[in-house]
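Novice: Okay, handing you the structure first.
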Protein chains: 2
Amino acid sequence: MSQSSALSESGSSSETGRAAFAARLRALRKARKMTLQDVADRSGLAVSTVSKIERNLMAPTYDRFTRLANALSVDVSELFADRSNAFQAGAFEVARHGDFGFLETDNYTYEMLFPDVAGKSMVPMLGTLKPLEQMRFDAMVEHEGEEFLMVLEGRVLVQVDGRPNVILNAGDSIYFDSRRGHLYASAQDTEARILCVCTQMVRAAAPDQG
Amino acid sequence: MSQSSALSESGSSSETGRAAFAARLRALRKARKMTLQDVADRSGLAVSTVSKIERNLMAPTYDRFTRLANALSVDVSELFADRSNAFQAGAFEVARHGDFGFLETDNYTYEMLFPDVAGKSMVPMLGTLKPLEQMRFDAMVEHEGEEFLMVLEGRVLVQVDGRPNVILNAGDSIYFDSRRGHLYASAQDTEARILCVCTQMVRAAAPDQG
DNA sequence: ATGCTACTTTTCTGATCGGAAAAGGCGCCC
DNA sequence: GGGCGCCTTTTCCGATCAGAAAAGTAGCAT
């Protein structure tokens, strides 16, 4: 008893998601049309144990945990992640040229590709960059994840916080940690076109309402 | 499979890699210059518990588990995955046009971009596709992760297992689950150029060497 | 219905976990 | 050396987990 106040398992708020986990576990088993016995055999656990875990009557320890993942042949992380609106297995989507959602900021015009594919682990977008003189320079962006940029047309100036500026020509590319502040601009007086792929959604960087 | 192949758990029913897990946990804490007390506070666990877990004297249950991940502010999956050669924080690398490692297969010529950046979560590559008639069709590739493909030049035929074939023109792109077998080819009698980004390393698909 | 079979839940007991407090280190200052 | 923080490990015991076996539930024959 006692100390658990801070942890408060009972409170729905600070749940560690065990209920969801339990449900996921059962769902995974059912999806494979396996019985408790099957899972028990493949994992080396007792049937009763699997049953209790699935009904959230018991919190499995590390070992049972990994064995369960193993028995269901999923990566352990899949047992934790809520994939309810995750990338759908077997997903497949085509984006025709010009077929996308626009995202306009002070500095950029981005065309988000595949805006309808939820939970994808990469976010590809096409960008049109204004010339340097027209840019606001207080608007460096930083966000979680990694970023890949390739220049399709024109010349692009890339500023990454704490790194020397780089000029990229068409066909050049750059890969960096998005957590560093970064900023792109056309390096000439015409617009440039880029393809940019992030591993995480970029918040529609509020330009100056800071 | 994927990640921990090298770790070789061997006996499926024996060790579940807890020792490695324990070590990783301690390493993570040390890297953050946190004490057992710190982790205990942030996780709501007892100091002794954290100590025991780190020394592999105890197998934490689901709840302690997620709390620990939380306290160390890592994703739970990171506690399982061995990131010994992970992406370096603040990484930043430029690839000039023509500056890459070649990867030649029966069907494709790929140019891996940023081959030296280890542990990046996206693997971008440029590809030159031979015309359809010259392709081997028994060599569909499938691998973990997701895949993004954009056509830079030419017209490309994309076959994805269980999906209708698609012809992409320059500027078109496609996003799909790489676990479905897939195959690209130039849809005309000249070569096509593509940019392809995967979320996982593509094994140098041995075409038919058993 | 009765029985049969396949699957799941409950029960009960030993094993292990989890936490508070006590006991070790260890470096440092006086 | 003794005292003193700081961090870690050990001890001890209640709480929880884990498994074997018993009991319950459901489908499906006869």
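Novice: Excluding residues fewer than 8 places away in the same chain, name every one of the lysines whose C-alpha is closer than 23 Å to that of residue B:120.
Specialist: Qualifying lysines at Cα under 23 Å: A:120.
Novice: Also, quick follow-up: Report the local net charge at residue A:35: Lys and Arg +1, Asp and Glu -1, summed over other residues whose C-beta lies under 13 Å from its C-beta. Mind showing how you got there, number by number?
Specialist: Details: positive: A:26, A:29, A:30, A:32, A:33, A:42; negative: A:38, A:41, A:54.
Value of the local net charge: +3.
Novice: For residue A:52, list the lysines whose Cα falls under 18 Å from its own Cα; do not include residues on the same chain fewer than 8 positions away.
Specialist: Result set, ordered by chain and number: A:30.
Novice: Here's something else I'd like to know. Using mean Cβ contacts within 10 Å as the protection proxy, how do B:179-189, A:171-181 order, highest first? Intermediate results must be reported in sequence, preceding the final value.
Specialist: Numbers: B:179-189: 18.4, A:171-181: 20.1.
Ranking the peptides B:179-189, A:171-181 by packing returns A:171-181, B:179-189.
Novice: Suppose every K and R has +1 on its Cβ and every D and E has -1 on its Cβ; what is the size of the dipole of the range A:24-70 about the Cα centre, in Debye to the nearest 20? Numbers along the way, then the final one.
Specialist: On the way: 11 positive and 4 negative charges, 48 e Å.
Using Cβ point charges on Lys, Arg, Asp and Glu, the range A:24-70 gives about 240 debye.
Novice: Another question, if that's okay. With solvent modelled as a 1.4 Å probe, how much accessible area in total do chains B and A shield from it at their shared surface, in Å² to the nearest 100? Please list the in-between numbers first.
Specialist: Numbers: alone 12640 and 12730 Å², together 20070 Å².
The B and A chains share an interface burying roughly 5300 Å².
Novice: Which order, highest average first, do A:119-127, B:31-39 follow once you tally other Cβ atoms within 10 Å for each residue and take the mean per peptide?
Specialist: Values: A:119-127: 20.3, B:31-39: 14.1.
Highest mean packing first, the order is A:119-127, B:31-39.
Novice: Just checking the output field for A:172-181: average partner chain Cβ neighbours within 10 Å of each residue's Cβ? Don't skip to the answer; put the middle values down first.
Specialist: Values: counts 7, 12, 7, 13, 8, 7, 0, 2, 4, 0.
Neighbouring Cβ atoms belonging to other protein chains average 6 per residue here.
Novice: Given a Förster distance of 22 Å, report the FRET efficiency between residue B:57 and residue B:78 from their Cβ-Cβ distance, rounded to the nearest 0.05. Walk me through the numbers before you get to the answer.
Specialist: On the way: r = 22 Å, r/R0 = 1.01.
Step by step, r from the Cβ atoms, then E = 0.50.
The values are calculated or read from the model by the stated rules, or taken from the named source; none is laboratory data. These numbers come from a predicted model, not from an experiment. Glycine gets a Cβ as well: all are built from the backbone with ideal geometry, and neighbour counts include every protein chain shown. With ligands, DNA and RNA removed, areas are computed over all heavy atoms of the protein, side chains included. Shrake-Rupley method; radii C 1.70, N 1.55, O 1.52, S 1.80 Å.
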